[in-house]
Every structure is written in C-alpha cells, then in structure tokens.
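Right, one structure below, let's go through it.
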Amino acid sequence: MSQKYFILIFVLVFAYSGESRRQPFACDPANAGTRNLRFCKTLLPIHVRVQDLIGRLTLQEKIRLLVNNAAPVERLGVSGYEWWSEALHGVSNTGYGVKFGGAFPGATSFPQVITTAASFNASLWEEIGRVVSEEGRAMYNGGAAGLTFWSPNVNILRDPRWGRGQETPGEDPHLVAQYAVSYVKGLQGGGGSGNTRLKVAACCKHYTAYDLDDWNGYDRYHFNAKVSMQDLEDTYNVPFKACVVEGNVASVMCSYNQINGKPSCADSTLLHDTIRSQWHLNGYIVSDCDSVGVLFEKQHYTRYPEDAAAATIKAGLDLDCGPFLAIHTDEAVRTGKVSELEINNALANTITVQMRLGMFDGPNGPYANLGPKDVCSPAHQQLALQAAREGIVLLKNIGQALPLSTQRHRTVAVIGPNSDATLTMIGNYAGVPCRYISPLQGISRYARTVHQQGCMGVACPGIQKFGLAEVAARHADATVLVMGLDQSIEAEAKDRVSLLLPGHQQDLISRVAMASKGPVVLVLMSGGPIDVTFAKMDPRVSAILWVGYPGQAGGAAIADVLFGAANPGGKLPMTWYPQDYVAKVSMANMEMRANPTKGYPGRTYRFYKGPTVFPFGAGFSYTRFSQHLVSTPITVSVPTLHFHDLVSNNTTTSLMKKNAAAVRTIHTNCESLDIDMHIDVKNIGDMDGTHTVLIFSTPPDHTETKQLVAFEKVHVVAGAKQRVKINMNACKHLSVADEYGVRRIYMGEHKIHVGDDLKHSITFQPSLEEIKV
C-alpha cells in the first residue's frame, strides 16, 4: 500500500474521530421521552420488546414500515431506515443504503462470487464474509450503510448464457449451498438459531428457479418457470434450504418470476409453508425490488392493486422493496382483504431482525468501536489478493510453459482489451474499491512490459490494432493475452446470445500466437463459460488461465500465478459448453434432466453427457498430487421407522434395480447415518500447492449421473502428505429426490468417486430389526 494511501486513511480517521457518530436508530438514552419505553429495555426478551413496539404503532405507521425505505416514527424515537444494502463480494453502493465518500471513500472489493467459488475453500468464503461484515458495520457506525445486506445470490447457474451467472457460486447445488452457508455465517457472525445477535443480516436470493433475465423475447418480469417437483427439490431449492437450516440466514428474497404459473412473492406454498414452516426461517422475507408491483402491473396476477398487496402479505411476504405495499395496503385492510394482525406478523419478523442487530439498544454495542480504520485495512486487502489467487484456474499448460521465469522472460508483451482492466475486474454488484491493480501493472512488477490493446474494447469490432500487437509479440520473450468479457456482454438484464469470444477476439489471439517469439498465455476474464476450443487445440497457445472477475487485486494475483509466486489451485465451478450446445437448448426450458426423445441434452455436469470445452471441476496445478483412500465404510444400515417406507421400483421411478427398496429421509434416523472418509493427499511434485478433494456419488443402477457430495481444500508442501477427513450424511448428501420431490435413500450399491482416479462402493441396506410395524 502506498504512503499516500496511508496518509489519506490517517486524515480520514482523524476527521472521523472528531465528529459525532451515527445517532442511535432508536432508544436514544438522551431522549427522556422514549428511553424508558418497554421496547427499549435491553434485558427483556426480544419477542416481548417487539410486541410492545408493534402495539404502540398506528395502522398508518405500520404500513409505512412494510417497504424498504421505512418511514420514521418520530413520536416513539424510531428513525427511518433504508433496508436495501448490498454486499455480494464487498460492501456495494448498488442499493440505496450505502453511500461512499467522506470518511469512507471505498471498501475492499473481493473477486466476483463465481471466481471465489472456484477456490472450493469454505473457510475462505466465511472469512470474506467476516471481513465484509466488519466493513459494513464500520460504515453503518459512520452513517454510510445499513445493516441488512441483500446478499448472497445463491441461484444455480443453470444456463451458460445467464448474465448474472457471475454472481453465483456455480452450477452444482452442493457447492452453491456450502458457499451460501459459509458466506452467511461470516456475514452474520456465525450465530445459531433463535434470537441470537447479528453482526449484519444476510439475505439469500432470489427464491426460486430464477436464472433468466432477458433472452430471445423472455424477460424476468414475465417469465413463468415451469419446474418439476424433482428439480425444485434436488436443484433449485437446495441452496435456499441450506441458507435457512444450516446458515440461519436472517432473510430470504423472493424473485420476479412465476413458478408454475404463480408469482414467487405471492406463493404461500413457497413462502409460508416452505421457508417459514418447514425450514423455520428466523427472519424476514423480502421481495426483489418492485416485484410486488411487477406481479400486478406486468403479470396481471390480480385484478386490483389491493388484491396484490393482500396476496403477498398473506403468502408470507414481510417487506416490499418498492413502494407498492405503502400505497395499496391501506385499501386492502379497509376492504377486508388482509387483516391488521397479518401486518403485525410481518412487522414482527422485520423488527425482530432489527433488534437482533442491536438497532434498539442505543449507541453502544459489541461493534460500536468499528470505524474508517476497519475499512480497506491492509489485512483486508491482502485477503482480497489471496482470494483472487485461489480462484484462478489453470486450464492448459503445454510443456510446463507456466510459470514464467523472471530470468528467461525479461520482456513480456501484454495484449488484449482486458490487459489494463480495472473496473472490469470487479464485475457487477460491486462498490468503490480501495484501489486497483490491473494485469498490466501486476506483470510490470515482474518484467519489462510492452503493452498493446489489440482491440477497441471487448466487443473488438475491427482489426486495425492487430499489427501493433503482432509486432509486440514478435519481439517479446513471452506474450500474455488478456481477453474475455465484461458487463457490456454479460450483466443483470443482459443474457448472452453466444458462448464465443466477442467480435474479432479469436482472430487476435490466433494471429498473435502465430507471431509470438516466446510462449503465449491466454488469460480469460469472464463470469460465464466461453467456447475457446480453438485455443485449447492450438499448440501455439501454451497455457490458458481463467480468472473470472478477480476483484481489486486481480492484476497482482494474475501476475503472481504467471510467474509462480502463487501456485494455481482453482477448479471450474461450472461446465464450459461448446457453442453448438446453446443452439439445442432454450433458456426458457427449466428441465435439468436430459430427454433424448426430444433431443434435449440436459444441463450441468450432473445430467449433460455431451462434449465439453472444459468440464466442471477442471483445473491443473504447477505440481502433482496423488490420492489414497485410507478408510471408509463398506456397508451402512439404514433404520426404517415404518414398514411401508421400503418402496419398490414398481411404484416409483427408483434409481435401483428392479424390486429394490428406498427409505424416505423423513422416516429414518438421519443422525445415525454419518459417514466418515479418510483420504491421504500427497504432493508428488516439487512445488508447494493446494489440492481440492472432490467426492462424487452415483446412486444404484447408474440411471443418475455422479453428483458432488463433498469437497475439501488442503495445502500440501512438496513431497509431503496430508490426511483429509470427509464427513457426509446419508440423508443430506446421498439421498435422491423422486419425481414427487420426496427425498429417499435408495438401498443397494452407491458408487463413490474421489475425483477421477479413485472409486469405492458403499452398500446401503435396511435395518429390518428396527422396523416398527
């Protein structure tokens, strides 16, 4: 960090320390008229305080608290509050609740989520969440942010064209779920269930089956996602359930789209029955912004606006991001379409979260000391660099072209529309970063650089600059091409139409590779997959790195990997399809499973069996690892609580051989079905590195493809060995949803794959002696 930056921080902290901090949101001890009210008594249980406050509110005051820009209740000493803050990969000013400037000119901008997911490092995800919440709390204390951050995005990256795929942790339900749990715990402080205190309140979005923004005449405001109960249970809802049940998230956001003909935010089965009753959400349900208005004005779900207001509140919605409920709820109450009691219930959920955040506890609290010094700190910026390094994926490395050598590669040609990128590196839903280090700046730390853009932006509409790029490559010891996409190609409200590189980018790569004197490294920035088959097959392209959108320190991380200061260990969190895949598949088709009779190839590595450019989980290292399965059970007995739970293949689409049986997970003792595996990982190369142990399962009869059920990241010194313990639970990890969305453990032989090189079988059998007839 530069001396100039330290001076700036010192000045800002000094100025901040001389100012008064944010005035208490409520229960100001200096306010004699309110400080003794019952809802301000911190020793009382939160639910008692909440009910006391609600009991003091008029109907009109209650209605103005149903929206994101909640109005103040001045007579009770309660300030207005903006609920909408964002923190997808750092505190962001996308929502109205965050304002940069003054003592808070920026915040640490971590890599975009798809990049961080490639690390397969759950402890990293939680640590990023912890840092983001620390900066969020500090900004709240200074009046620059809220405490309710509507992150993370835990939708499944179902289709490679989705513009918001970059915001997600990828295509696999288990991976996305584990990311969600880790990040939420980091943000919220890891609190358990009940009325535990929150550092900040996270929000898992967008529930559910939301992964289309604007494609070929379909848009998210009108789209009706037709989803089977099976796909809903084993794909789309998996991360949301994990958020609530394991992560104890404080909020869930319902989406714009309809699911099977009903708007998500007006579907009581999805909201009240599932999130609230089955998963036991201890928090509030919020609409995506203006989605209550969308279901009335664009989807024409109800005839009158007050009917839309009533439908959403009755379905379980607690907070409207938008003005709709503030405008139309009064008429809904007046006409008897919704009751004041139902409004009270909604407010109880939102106010409870505010009290868990300490917003009714006056000026003091466990995080009151956080301020400008805790934002963009050296440690936080170092974590952003580490996250970027861990998310980089090495996809090709012919003849160990990488890492480059500072002795042999003294001059490097740095070419491409993203070669000096800054804003591109932070992706969408980003804030103002502490600083940028572009790829050009990063590489310049290791070698003399010759820079040519080659293209006029990522659209690369012409070849006018190709000649200068070729000259640079011809005279350099090595060439690094930094190509790919940006938010003009993939973004919210902008889905892609092609998986190929835009414009003439492919031509530039091929021509530069032909001209280059030394090794050619292709560095790809993107959120979604790109069909770069030409580069994969071109022997003149020595190496390929995918870096996603690597955040504020992305250029430094790229350079560190290029020159071997960091050993790449990332794995692709999504399948890279060939271009002809998208010609076969409509984005509007929500089916996950292949249907050969209709020529439908299926989606993601779990169900798609066609050719790929790079598969899910791809990624090399500069060293080599071996895996050895030390111990794991061979047979597991599954206690069954009811005889009729042993369902034969004659009555279900069982994944077993004929007449085999399955046990519903709700009718067995799941706590007794933990499975431990021990795997030795040895670094058999000559460089320290990290290895990701990926565990896949294939149910009996092989009619389902392998599914990721566990993973663990381990760092191993060259020549050393580390033992990895993997814990799984048969109900959670090895059960399968049937066509009715019912999870069952199928009896018989489950094949366990440890990466691509180790296979093992675990046989499940019913424990008949425990059957209760």
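Here are some notes:
- DSSP-loop trypsin sites (Lys or Arg not before Pro) across segment 677-773, with at most 15 other Cβ within 10 angstrom: 772
- Relative contact order for segment 223-344, counting Cα pairs under 8 Å that sit 6 or more residues apart, in percent: 24 percent
- Shape analysis of segment 498-648 places it in the oblate category; the axes a ≥ b ≥ c from the Cα gyration tensor give an a/c of at least 1.5, with a/b not above b/c.
- Spin-label model, residue 628 to residue 260: label points 7 Å out along the Cα-to-beta-carbon direction sit 5.1 nm apart.
- Summed over the residues of segment 42-177 and divided among them, the accessible surface reaches 24 Å² per residue at a probe radius of 1.4 Å.
- Accessible surface of segment 660-773 [probe 1.4 Å, protein heavy atoms]: carbon and sulfur percent: 47 percent
- Here is the size of segment 100-197 from its Cα atoms: Rg then Dmax, 14.5, 41 Å.
- Cysteines (scope the chain) whose Cβ has no counterpart Cys Cβ under 4.7 Å: 203
- Hydrodynamic estimate: the Kirkwood radius of segment 422-568 over Cα pairs, inserted into Stokes-Einstein at 4 °C and 1.567 mPa s, corresponds to D of 83 µm²/s.
- Ordering of 598-611, 88-101, 384-397 by packing is 384-397, 88-101, 598-611, highest average first (other Cβ atoms within 10 Å, averaged per residue).
- Span from the segment 565-626 Cα centroid across to the segment 372-393 one, whole angstrom: 29 Å
- Near residue 711: Cβ cut-off under 11 Å, other residues only, Lys/Arg at +1 and Asp/Glu at -1. The net charge is 0.
- Three-way shape label, segment 435-501, alpha-carbon gyration tensor, a/c 1.5: oblate
- Relative contact order for segment 350-473, counting Cα pairs under 8 Å that sit 6 or more residues apart, in percent: 22 percent
- Computed from the alpha carbon atoms alone, the convex hull of segment 330-391 holds 189 Å³ per residue.
- Spacing of the modelled spin labels on residue 408 and residue 246, each 7 Å from Cα toward Cβ, amounts to 4.4 nm.
- When the Cα gyration tensor is reduced to axis lengths a ≥ b ≥ c, the ratio a/c is 1.5 or higher for segment 332-447, and with a/b above b/c it is classed as prolate.
- Under the combined filter of DSSP loop state and at most 12 neighbouring Cβ atoms within 10 Å, segment 674-754 retains these GluC sites (Glu not before Pro): 739.
- Per-residue ellipticity at 222 nm, computed for the chain from helices alone with -39500 (n - 2.57) per DSSP H run of at least four residues, works out to -7500 deg cm²/dmol.
- Averaging the Cα positions of each part gives two centres, and for segment 105-181 and segment 421-454 these lie 21 Å apart.
- Using the empirical formula 2.2 N^0.38 Å as the baseline, the Cα radius of gyration of segment 118-271 reaches a ratio of 1.06.
- Solvent-accessible area of segment 236-379 (1.4 angstrom probe, protein heavy atoms only): carbon and sulfur portion equals 50 percent.
- Packing-based ranking, highest mean first, of 622-635, 344-357 given that Cβ atoms within 10 Å are counted: 344-357, 622-635
- With a Förster radius of 51 Å applied to the C-beta separation of residue 82 and residue 463, the computed FRET efficiency comes to 0.60.
- Segment 66-183 - percent of accessible surface contributed by carbon and sulfur, probe 1.4 Å: 46 percent
- Computed with a 1.4 Å probe over protein heavy atoms only, the accessible surface of segment 660-704 comes to 39 Å² per residue.
- Normalising the average separation of contacting C-alpha pairs (under 8 angstrom, six or more residues apart) by the number of residues puts the relative contact order of the chain at 13 percent.
- The Cα center of segment 335-362 and the Cα center of segment 243-284 differ in position by 17 Å.
- By average C-beta atoms within 10 angstrom, highest first, the peptides 669-676, 22-29, 505-512: 505-512, 22-29, 669-676
- Average silhouette area of segment 361-428, convex hull of alpha-carbon atoms, in square nanometres: 8.8 nm²
The values are calculated or read from the model by the stated rules, or taken from the named source; none is laboratory data. Everything numeric here is computed off the predicted structure, so don't read it as measured data. Note: ideal-geometry Cβ built from the backbone for every residue, glycine included; neighbour counts use all protein chains shown. SASA here: full protein model, heavy atoms, side chains in, ligands and nucleic acids out. Shrake-Rupley method; radii C 1.70, N 1.55, O 1.52, S 1.80 Å.
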